[in-house]
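S.K.: This is the structure I want to talk about, given as structure tokens.
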Amino acid sequence: MRKTIVAGNWKMNGTSESIKTLLESLTSGVPAVEGLVTLVCPPAVYLSQVKQALSDAPIALGAQNVSSQPSGAFTGEWSLAMLQDLGCEYVILGHSERRSLFAESDEDVAEKVAATLSAGLIPILCVGETLTQRESGETLSLVAAQIDAVLQRVGIEGFASVVIAYEPVWAIGTGLTATPEQAQEVHAAIRAQLAECDADIADQLSILYGGSMNAGNAAELLAQRDIDGGLIGGASLKADEFLTICAAATESRK
Ligand code: PEP
């Protein structure tokens, strides 16, 4: 059975104090469930603080981005070795905010995925269409192209250690959510695309949904056959919302 993954993307939010409070609730509330992976991805400057506070709670640590370069004159960046040093296991890559606000191309994202795999960390590869692309019927081809860029770089074997997050851009931070059917259609297409290369790897791959997932809509989305968890932005900053999503993810495994 595939892993179910619930990942909180805190984006550029929080203070030492608010993070302490949030983690007090999460460390006591996140359930240890076989096959369920829960992780939080704080801003990089708080990774150490979060790692310490997580202690032995069943919550892993992820970063929101990383450089593909090993070290050197890259002001404002951080490396995979640094993330490893801080106890990070996951890295979100290709988030739509990185693609649109920081001009990351499919090729940049593929390079970062390759570097992350080489370092032994797990990339959470984000893909998804804008509203204009959806309305012009380009959703499936656009998502396939985003995945293909990574496939060309790391091969299908690389996908044995990749997590994919389908995040329709129009649903991120907007309160609009893809319907379970819309999301399932794209998730199934992603799995079918990879199954053409290797059916076992495609079958084992966790594909998360992201885009205004919250306590109210998580159960319906997670009940879909090809939805194996969620990448949660806004709702991951509220302990009760995040814990309800974790409970729905636990339920979806039964
Ligand atoms: C995200 O940032 O990956 C995300 C899905 O955000 P939100 O849940 O706020 O839409």
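S.K.: Rounded to the nearest 500 deg cm²/dmol, what is the calculated helix-only ellipticity per residue at 222 nm for the chain, with -39500 (n - 2.57) per DSSP H run of length n ≥ 4?
M.R.: Using -39500 (n - 2.57) per qualifying helix, the result is -13500 deg cm²/dmol.
S.K.: Okay, next question. For the stretch 151-212 and the stretch 16-66, what is the centre-to-centre distance using only Cα atoms, to the nearest Å?
M.R.: 24 Å
S.K.: Moving on to the next point. Using only Cα atoms, what Kirkwood radius does the stretch 1-82 have, in angstroms?
M.R.: By the Kirkwood definition, the hydrodynamic radius is 13.9 Å.
S.K.: Moving to a separate point now. Sort 62-70, 133-141 by packing, meaning the average of other beta carbons within 10 Å per residue, with the highest value first.
M.R.: The densest-packed peptide leads the list: 62-70, 133-141.
S.K.: Take the eigenvalues of the Cα gyration tensor for the chain, scale each by 5, and report the square roots as semi-axes in whole Å, largest first.
M.R.: Equivalent ellipsoid of the chain: 25, 22, 17 Å, largest first.
S.K.: Starting with the fewest neighbours, write out PHE102, PHE242 ranked by other beta-carbon atoms found within 10 Å of each beta-carbon.
M.R.: PHE102, PHE242
S.K.: Moving on. For the pair GLU251 and CYS197, what calculated FRET efficiency results from E = 1/(1 + (r/R0)^6), where r is the Cβ-Cβ distance and R0 = 30 Å, to the nearest 0.05?
M.R.: That gives a FRET efficiency of 0.40.
S.K.: With a sphere of radius 14 Å drawn around the Cβ of ALA215, what net charge do the other residues whose Cβ falls strictly inside it have (Lys, Arg +1; Asp, Glu -1)?
M.R.: Net of charged neighbours comes to -3.
S.K.: For GLU220, put the label point 7 Å out on the Cα→Cβ axis and report which residues of the stretch 144-181 keep their amide N under 11 Å from it.
M.R.: Residues 177-181 fall inside that zone.
S.K.: Excluding ALA114 itself, what net charge comes from residues whose Cβ is under 12 Å from its Cβ, given Lys and Arg +1 and Asp and Glu -1?
M.R.: Result for the local shell: -2.
Every number here is computed from the coordinates shown, using simple stated rules; none is lab data. Model, not experiment: these values are computed from the prediction. Methodologically, a virtual Cβ is constructed for each residue, glycine included, from the backbone with ideal geometry; neighbour enumeration extends over all protein chains shown.
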